[in-house]
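A short write-up of the structure that comes next.
Read-outs: derived from the displayed coordinates by stated rules, not from any lab. Just so it is clear, the model here is predicted, and its values are computed rather than measured. No Cβ is skipped: glycine too gets one built from the backbone with ideal geometry, and neighbour counts run over all protein chains shown.
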Amino acid sequence: MPDRPVVAIVVAAGSGLRLGADRPKAAVELAGRPLVAWSVAAALAGGVDQVVVVAPSESVAQFRAHLHLDDHLHLDQTDSDSPKPAPGAVVVVAGGRRRQDSVRAGLAAADPGAEIILVHDAARPLAPAQLFRRVIEAVASGAVAVVPGLEVVDSLRRVDGRQTTAVERSGLWRAQTPQGFAGRLFRQAHHDAAGLDLSDDAAVMERAGHAVTVVAGEAAALKVTVPADLALAEALLSTVEAGTAGGVRTGIGYDAHRLVAGRPMWLAGLLFPDETAGPQGHSDGDVAAHAGVDALLSAAGLGDLGAVFGTTEPRWAGAAGIALLARAAQLVRQAGFQIDYLAIQVVGARPRLGTRRLEAQAALAAAIGAPVAVSASSGDGLGFSGRGEGVAALATATLRAARPGPSVVTQL
């Protein structure tokens, strides 16, 4: 993944006329959530650092309310010089009369240091997080313009009045979003295309002479345009929910770190100042918090700590494990799950957690907004943790589908 910000512009300025709605299309609900909320959640779960939602000019306040922006957690970063915005940052800006005008409004609000810019239609609410990751990875690997697509499988005919002509479908693909672009080139291409009316953002890049790469799309990333599309999206979600026993998910996590002299000892969100050695790691090495992160992400189908946060990125150097845990809980909720319970067991001869167990439980529970149980085992002198050479933790998370979310759709 890139070291500089990944920004997604979610275009949500369209009307709901063809959908027969009395509100902007992106504000229409799918399974109890506005279409735009589905798209924002999938983008954040897919590795996007900042989301710029472009709403109808008269509906900016309404869209902020739809996205519960005041409830968003923003991870404090230890490196103040980091070029990335706070993960999970979401802003809403007013769009323009045409789609390209709206994208330019989004670009004006996007982090200027973004190396990768995605453009996604809010009308594709079920585009899964894995599709965002696939597009990001393609741009990070060197492609300057990436479009996800599906091969055309139906027979095609061109109709001119009463005359019809067969169209060869070989080599034809249906373009989807999110489309991804190299940031600097994309900004320049949009600047040069001002005033033109092009079909999509890939066409803007093509006009500037850049090659467009196609990656595999997702059947779930259908576009909601007419009432039948909305009904199909509802049916897809119902099918997935029927196959999930009660909507309950369980995930497990594990983490272990070697203890190194001179490192601070952070464990379960607490500092143990009397310890002379602490966990070696890129972040603070809090194995309890890290195991909890993996358990939460695993249960929601969102990957693991390394995939979401990376293990070498400079912006996570020294990051507090409890802050990573809070961010993971945010992603889980945005994916449509409520957290029922998180259980963590610490294994190690040091530090002695018993006297601070209740304090640890309170700190971790506050981070995720759900009950947390913490237990500890000395390891009985066995293994690296039992001998005091390191410390380890195991975690189990239980989630419940509060409503079907983008991560559920990855099963389709």
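Helix 321-334 and the longest principal axis of the Cα set of the chain meet at an angle near 40°. Expressed to the nearest 5 percent, the antiparallel share of DSSP beta bridges inside the chain is 60 percent. When the chain is treated as a Gaussian network with alpha carbon springs shorter than 10 Å, the biggest mean-square fluctuation among PRO125, PRO148, PRO273 belongs to PRO273. The charge dipole of the stretch 245-406, taken about its Cα centre with unit charges on the Cβ of Lys, Arg, Asp and Glu (plus for the first two, minus for the last two), comes to roughly 280 debye.
Of the residues ALA89, GLN130, GLY379, the one whose Cα sits farthest toward the positive end of the charge dipole of the chain, with +1 on the Cβ of Lys and Arg and -1 on the Cβ of Asp and Glu, is GLN130. Debye-formula intensities of the chain, expressed as log10 I(q)/I(0) at q = 0.09 Å⁻¹, are -0.59 (one equal scatterer per alpha-carbon, no solvent). Each Cα pair under 8 Å and six or more residues apart adds its sequence gap; the mean of these over the residue count of the chain is a relative contact order of 17 percent. Amide H contacts of ARG249 (H built 1.01 Å from N, in plane; Pro and chain starts excluded): LEU399, ARG400, ALA401 sit under 5 Å, all sequence-distant by 5 or more or on other chains.
Around the Cα centre of the stretch 6-239, unit charges on the Cβ atoms of Lys, Arg, Asp and Glu (plus for the first two, minus for the last two) sum to a dipole of about 700 debye.
Note on the chain: with charges restricted to the Cβ of Lys and Arg (+1) and Asp and Glu (-1), its dipole about the Cα centre is near 580 debye. Distant-in-sequence amide contacts of LEU126, defined by a placed amide H-H separation under 5 Å and a gap of 5 or more residues or a different chain, comprise LEU222.
Local charge for GLY292 was computed over the other residues whose Cβ lies under 10 Å away, with Lys and Arg +1 and Asp and Glu -1, and equals -3. Between 0 and 90 degrees, the angle of helix 357-368 with respect to the longest Cα principal axis of the chain falls at about 10 degrees.
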